[in-house]
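The values are calculated or read from the model by the stated rules, or taken from the named source; none is laboratory data. Just so it is clear, the model here is predicted, and its values are computed rather than measured. Virtual Cβ from ideal backbone geometry, glycine too; neighbours counted across all protein chains shown. These area figures cover heavy atoms from the full protein model, side chains too; ligands, DNA and RNA do not enter into them. Shrake-Rupley method; radii C 1.70, N 1.55, O 1.52, S 1.80 Å.
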Amino acid sequence: MRSRRRAVWAILALVAIGLAIAGQRRLWLRDFVLDGILFVAIAVVLFLLAVSRSRGSGELRFWPQNAKSPPDEAWVPLIRGRWQQLLFALVVLLSTVAFVSLAKNRFTSRGVLCWWGAVLAWLLAMVHVRPGFFAAKIAPTVLRDVLRQRHIEIRVNWVALLLLCILVVSFFFHLYRIDSTPAEPQSDHVEASEDVRSILNGQYMIFFPRNTGREAMQFYLTAALSHVFGYSFFTLKLTMALVGALNVIPMYFLGKEFLDRRFGLLAAFFMAISYWHIIVSRIGWRIVLAPFWTSVTLYFLLRAFRTRRRNDYLLSGLALGAGLYGYMSFRVVPLLIVGLFVLQALLDRGANFQWRSFLTNSVLLVMTSMWVYLPMFRYMYDEPRMLWYRVLTRTTNLERTLENPTAVFVNNVKRALQMFNWMGDGAWTASLPGRPALDYISGGLFVLGAAYLFYLLLVKRRPIALYLVLAIFVLLLPSTLAIAFPIENPSNIRASGVIPVMILLVALPLYLVGRQVVEALRGGTGVLIVVVLGGLLLLQAAQLNYRLYFVDYDVQYRRAAWNASDMARVMQGFADSLGSIYDTHLIGTAYWVDHRAVALALRNMEWNNLIMDLRQAEPHLAEPRNRLYLFNPSNVEAERWLREHYPSGRLMRFQAFIPEKDFSIYLAPAEP
């Protein structure tokens, strides 16, 4: 009787997932919205009833009860006594020299070496190791044992194999057609490419003040890849797409820390196929660095809270400091860590909690991040206004007067919470305008995951639930704090740091139901059902996200963006046959293509032949040679001028893939 009851609840849990997805699909399509809300509401009730009645092999063990680790006391400092004191003195000395040497927003050889030396000395002074670390067997002993064997035994780790498969899926979604999707560079791509060009020209800046200021990590990574693939729009996209593809690895470890390996694999898969994450990875901006470093930082922090090992605190500090060189929205993560420290100290101390060890390790995490952030501290000292300019223009009255900021913020929070399932970002560059940030399968699962989160918080009183609620609120702040410009909220770009937490909630109900079905239907039947139904659902989710990005997003991006690459191809064709690239000219029109985007598509940022006033073209008449002019078909004045001064010229019209993107071409031959 009990097994039959468990089977009934397992089936109801499956029905709940189906209803949630069906309801979310109606909300996504704005089709029978009330029916969709009803379906989702019924799904939530059924799901909570089903999973709360599940007993199976025992209660689900969330972090930190899901794993055991030896206490921190079992580890000892790597270096102690006078040598440790000497390292502390070296840290102070090298940090001082680095701070002085990194003035004027420049990485210098001496400054970088002293900075890295200070970080390394700090880690050596603080790191802990197992007792007997130096007495461990050395490699020659191991090698000798291997050579004595007559055969090599190969063991296949199923988790590593599945993670490798997920990594392949992630590389496909993040790199497939990267040369053509997104199709066209925009003004922000031009600004980023100029920063990369500055590095290639030997200007090693700490912070790049162009375009209201941006952190440096993307530009140095792109500059490095430019030595392999060349300096282009393609390299901008490729660099960040690689970061996005690799983000499934920290996502797996974060999920594993949260529950177990199976959940980690499920979370990694949803990260690999999420069209929101794919957009921010492939757009060619530094956005994806926020979810990447958020995943890494949260993994090491949760691990540190569980193991209480100093090394995990140090690793979290390293990730925190590195992430602050990524994307601006990551600046809220220090606030999140402080909040998690407070929650850990007040509500989640546990039986073996030691105040002294906790406070010491917390301070060490902060100090480690500060040593990593040292060059930015120097820039903040020199240019505090520039570092915070972009943030202040959105959160204060620096650019416009604020009207009832509290009410605006509350409304921003409400709209940001709706972005996952109802109304998303309106910007075409990083979203499907107005569409939710999640596809309808992930969105339906997210609702069930969020409901279960509050069940854990209010009924089970699990601290991890409060951690996740705080994380969602804080990581949405870069979007919700757009008080001066509330129209910019919700933002898929600024809220990108919340993606790892969102992925946890998407994967959670699928994991819970799968576990419940396996335990309720013994003898392999449950496993078969989970593998078949779960596999079909994951496949459908992958196909859906593929269509959302490679079809819907691609088409709407091409419709919204000016076709600079088409213009670049026409110019390059002229340069290869009739003249020089520097004899091609773009006659500008207000609110038309950015000529620098054309230069980026040409892979030649030295090209700057923009004509905004036709008098700028008069000197061309004194230098007769083949020339090519591109202009907007609506610019009748440009057409009249060209026909008047080059009567033997030839007027053509380039027919673009999107009719509204046609442009005129005037070939002006050298006059005799």
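Structure above, values below:
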item: Region 427-437, residues that are touching a residue at least 60 places away in the same chain (Cβ under 8 Å) and either open to solvent by 20 Å² or more (accessible area, probe 1.4 Å) or farther than 13 Å from residue 280 by Cα (or both); result: 427, 428, 429, 433, 435, 436
item: Single residue of 223, 241 found to be over 20 Å from residue 172 (Cβ atoms), open to solvent by less than 10 Å² (accessible area, probe 1.4 Å) and either modelled with pLDDT of 95 or more or among the hydroxyl-bearing types (Ser, Thr, Tyr) (or both); result: 223
item: Any hit, region 326-340, residues being of a type in the set (D, E, K, R), touching a residue at least 24 places away in the same chain (Cβ under 8 Å) and part of a helix (DSSP H, G or I); result: yes
item: Cβ pairs under 6 Å, 6+ apart, first in region 38-54 and over 12 Å from residue 447 (Cα atoms), second part of a helix (DSSP H, G or I); result: 46/12; 46/16; 50/9; 50/12; 50/13; 51/512; 53/9; 54/516
item: Residue list for region 479-494, restricted to those being open to solvent by 10 Å² or more (accessible area, probe 1.4 Å) and under 19 Å from residue 401 (Cα atoms); result: 481, 483, 485, 486, 487, 488
item: Filtered residues of region 541-562 (kept if open to solvent by less than 10 Å² (accessible area, probe 1.4 Å) and either more than 25 Å from residue 272 (Cβ to Cβ) or of a type in the set (D, E, K, R) (or both)); result: 561
item: Test: residue 228 is of a type in the set (Val, Ile, Thr) and crowded, with 19+ Cβ neighbours inside 10 Å; result: no
item: When residues of region 621-636 are limited to those that are without any contact (Cβ under 8 Å) to a residue 60 or more places away in the chain and outside any loop (DSSP other than H, G, I, E, B), the one farthest from residue 562 (Cα to Cα); result: 622
item: Options 608, 604: the member that is closer than 22 Å to residue 180 by Cβ, without any contact (Cβ under 8 Å) to a residue 24 or more places away in the chain and touching a helix residue (DSSP H, G or I) at 6+ places or on another chain (Cβ under 8 Å); result: 604
item: Only listed residue being open to solvent by 20 Å² or more (accessible area, probe 1.4 Å), assigned to a helix (DSSP H, G or I) and within 25 Å of residue 562 (Cβ to Cβ), chosen from 644, 618, 639; result: 639
item: Which listed residue is under 25 Å from the mean Cα position of the chain (by Cα), modelled with pLDDT under 95 and open to solvent by 20 Å² or more (accessible area, probe 1.4 Å), from 415, 390, 349, 331; result: 390
item: Yes/no for residue 389 being closer than 30 Å to residue 91 by Cα and touching a residue at least 40 places away in the same chain (Cβ under 8 Å); result: no
item: Those residues of region 438-473 which are of a type in the set (A, V, I, L, M) and open to solvent by less than 10 Å² (accessible area, probe 1.4 Å), in sequence order; result: 438, 441, 445, 448, 453, 456, 464, 465, 471
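Let's see how each residue does on (1) open to solvent by 40 Å² or more (accessible area, probe 1.4 Å); (2) at pLDDT 95 or above; (3) touching a Lys or Arg at 6+ places or on another chain (Cβ under 8 Å):
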{"site": "3", "(1), (2), (3)": "yes, no, yes"}
{"site": "22", "(1), (2), (3)": "no, yes, no"}
{"site": "43", "(1), (2), (3)": "no, yes, no"}
{"site": "50", "(1), (2), (3)": "no, no, no"}
{"site": "69", "(1), (2), (3)": "yes, no, yes"}
{"site": "78", "(1), (2), (3)": "yes, no, no"}
{"site": "100", "(1), (2), (3)": "yes, yes, no"}
